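Read the figures in this text as sums done on the coordinates, not as results from a lab. Just so it is clear, the structure is predicted and the values come from calculations on it, not from any experiment. Glycine gets a Cβ as well: all are built from the backbone with ideal geometry, and neighbour counts include every protein chain shown.
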Amino acid sequence: MTTTPKRDAAADLARRFADYVPSLEGRDIVAIRPSYGLMIDGEERAAEGGATFPTIEPASGAHLADVAEASPADVDAAVAAARRAYETTWRDMPGRRRAKLIFRLARLLQDRAREFAVLESIDGGKPIRESRDIDVPLSAAHLFYHAGWADKVEYAVPGMAARPLGVVGQIIPWNFPLLMAAWKIAPALACGNTVVLKPAETTPLTALLLAELIDEAGFPPGVVNVVTGAGATGAALAGHAGIDKVAFTGSTGVGRSIRRQLAGTGRRLTLELGGKGAHVVFDDAALDQAVEGIVDGIFFNQGHVCCAGSRLLAQEGIAGELLDRLRRRIELLRVGEPLDKNTDVGAINSAAQLERIRVFVDEAAADGCRIDHPSRPLPDRGFFFPPTIVSGLGGAERIAREEVFGPVLAVQTFRTEAEAVAKANATRYGLSAGVWTEKGSRILWMSQRLQAGVVWANTFNKFDPASPFGGVRESGHGREGGRQGLREYLDTTPVAA
Ligand code: NAI
Ligand code: MG
């Protein structure tokens, strides 16, 4: 033995990556058209004045298509179509028929799952492994789950008679373009509402393909309308006097502006906003399991996840060892082509988001934090950022408190449970948290004190359509999924005893 184990490991790693042959998912299953219109009243149409915006492929920077940019007049037309559909067909359609249509949509989505997964990865940059195994199946699961409720909504809220609200405006972000569309439209439709949906400007294509399936499934025209565009289109929809509810997922800043727009109007509002979730790892936790959970919690979808575990609070006794294992683990993550089936971390969604992430990390470095990322180079085109661990934090740094929305983990330590709770709650957000310990009583004690809509124990990022999801504090209000989520789309009045 002449070489040290450490050099062996490094050589091993180099060989492993040098010999690598990518396993690319074919793009041919997807036919991206040069241009896309708005989907209003069951028909595709150009925006007023022919306005368009481009959508690109973040992994290459290549232009994919020009997409119609809806003006306030186009939003008017979509809201009017949704109102007509509500009053003439959807509101009074028996629940079992609504169920059948939503069920059919879920089946069509399953039939074309590969096409949706490839398109999602091309337009948004996420690894095909995730769009194939998570985004698309979970979208179908939400449709199936809510199809099952459509003829039972009168029992959704015990003791209450329930009616639909009317027309709902739904504005969704770019991190889970198809999944957020499904999360939003499934409960709205099951409860008898009609929809105007606004996808995010960097990722409109899967929502537009979903609109084609909605038509194919046989939904009456106007039940789901899709208006593409950027913030101005979103603001025109959120502020429209003809809608009865706004459901928004996105940044806390925009959520706040929508709340101001709706104040005093009596219109309903649910907000699913940012987060700064903490993993709390105690010294009795199964460390390798925690490492996998932490890696999944922050590097899943490049960290573009509202409930990402973007902070790690490690108990002092194991902090050093945990950090060593994490640093070794990120060396093994493959960063690159989203359509490669072995890719762990894909492309950052946009140049603007990449820049935001860079500024956060540069600031942390300037603040004296230690920055670790894998030693291998990034792809030489497209928008990429390496999986990054920031340690040596005091806690006052911006990176310890604000949402980066990128593959960046901020690490701090703690001694006692009380200190862990205080640190985990030292943010204005409250969406998710994770507790890692062998002790059941400690899990319960912690989960009662952590201010978060979801607390996972010895796991992270687990989703189910039957389980309500949402935040507290500046992460928003309202729930999506489960019975609680249905309530957000219903007008309820007490049933006389
Ligand atoms: P954003 O909040 O601007 O975008 C989300 C959606 O809102 C998009 O469809 C957008 O077109 C729409 N929108 C923008 N301005 C609007 C307005 N005034 N009225 C109505 N709709 C409007 O998010 P952005 O700028 O793309 O990302 C910035 C930061 O926001 C990220 O770095 C991240 O921290 C956070 N974010 C959080 C998300 C989450 O799920 N928690 C999702 C997206 C962004
Ligand atoms: Mg795009």
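A few points about this structure:
- Shape of the range 297-373, Cα gyration tensor, a/c cut at 1.5: oblate
- Taking the range 234-331 and dividing mean pair separation by its residue count, relative contact order in percent (alpha carbons under 8 Å, at least six apart): 26
- Take every Cα pair under 8 Å whose residues are at least 6 apart in sequence, average their separation, divide by the length of the range 278-457, and the relative contact order is 29 percent.
- For Val67, distant residues with modelled amide H under 5 Å away: Tyr36, Phe53, Thr55
- The eigenvalues of the Cα gyration tensor, multiplied by 5 and square-rooted, give the range 92-145 an equivalent ellipsoid with semi-axes of 26, 9, 8 Å from largest to smallest.
- Taking other C-beta atoms within 10 Å as the exposure proxy, Val281, Val118, Val495 rank Val495, Val118, Val281 from fewest upward.
- With a cut-off of 14 Å between beta carbons, the residues surrounding Ala81 carry a summed charge of -4, where Lys and Arg count +1 and Asp and Glu -1.
- Angle of helix 136-149 to the longest C-alpha principal axis of the chain, folded into 0 to 90 degrees and rounded to 10: 40°.
- Mean separation of Cα contacts under 8 Å, 6 or more apart, over the residue count of the chain: relative contact order %: 18
- Within the chain, all pairs of alpha-carbon atoms sorted by distance into 10 Å bins from zero give the percentages 4, 20, 29, 26, 15, 6, 1, 0, 0.
- Exposure proxy shown here: for Met180, Met446, the number of other Cβ atoms within 10 Å sets the order, fewest to most, as Met446, Met180.
- Binned Cα-Cα distances of the range 136-286, short to long, each 10 Å bin given as a whole percent: 10, 38, 33, 14, 5, 1
- Cα gyration tensor category, rounded, prolate or oblate, for the range 259-344 with a/c compared to 1.5: oblate
- Among Ile298, Ile122, Ile330, Ile134, a tally of other beta-carbon atoms within 10 Å of each Cβ gives an order, fewest to most, of Ile134, Ile330, Ile122, Ile298.
- Only the Cβ atoms of Lys and Arg (+1) and of Asp and Glu (-1) were treated as charged; on that basis the dipole of the chain about its Cα centre amounts to roughly 1120 debye.
- Candidates per GluC sites (Glu not before Pro) in the range 411-497, loop by DSSP, up to 15 other Cβ within 10 Å: Glu438
- Nearest 10 degrees, 0 to 90: helix 205-217 Cα axis against the chain principal axis: 40
- Packing-based ranking of 11-24, 192-205, 264-277 yields 192-205, 264-277, 11-24, ordered from highest to lowest mean Cβ neighbour count within 10 Å.
- Proximal charge balance of Ser23 [Cβ under 12 Å; K/R count +1, D/E count -1]: 0
- Proximal aspartates and glutamates to Lys184, defined as alpha-carbon separation beneath 13 angstrom and excluding residues fewer than eight positions away on the same chain: Glu272, Glu480, Glu488
- Taking the longest Cα principal axis of the chain as reference, the axis of helix 316-331 is set at about 70 degrees.
- Over 30 Å (Cα to Cα) - which of Lys341/Lys423; Lys126/Lys198; Lys126/Lys152; Lys100/Lys276; Lys245/Lys462; Lys126/Lys439 fall in this group: Lys341/Lys423; Lys126/Lys152; Lys100/Lys276; Lys126/Lys439
- A protection proxy built from the mean count of other Cβ atoms within 10 Å ranks the segments 124-130, 41-47, 431-437, 98-104, most packed first, as 431-437, 124-130, 98-104, 41-47.
- The range 278-457 shape via C-alpha gyration tensor axes, a/c threshold 1.5: prolate
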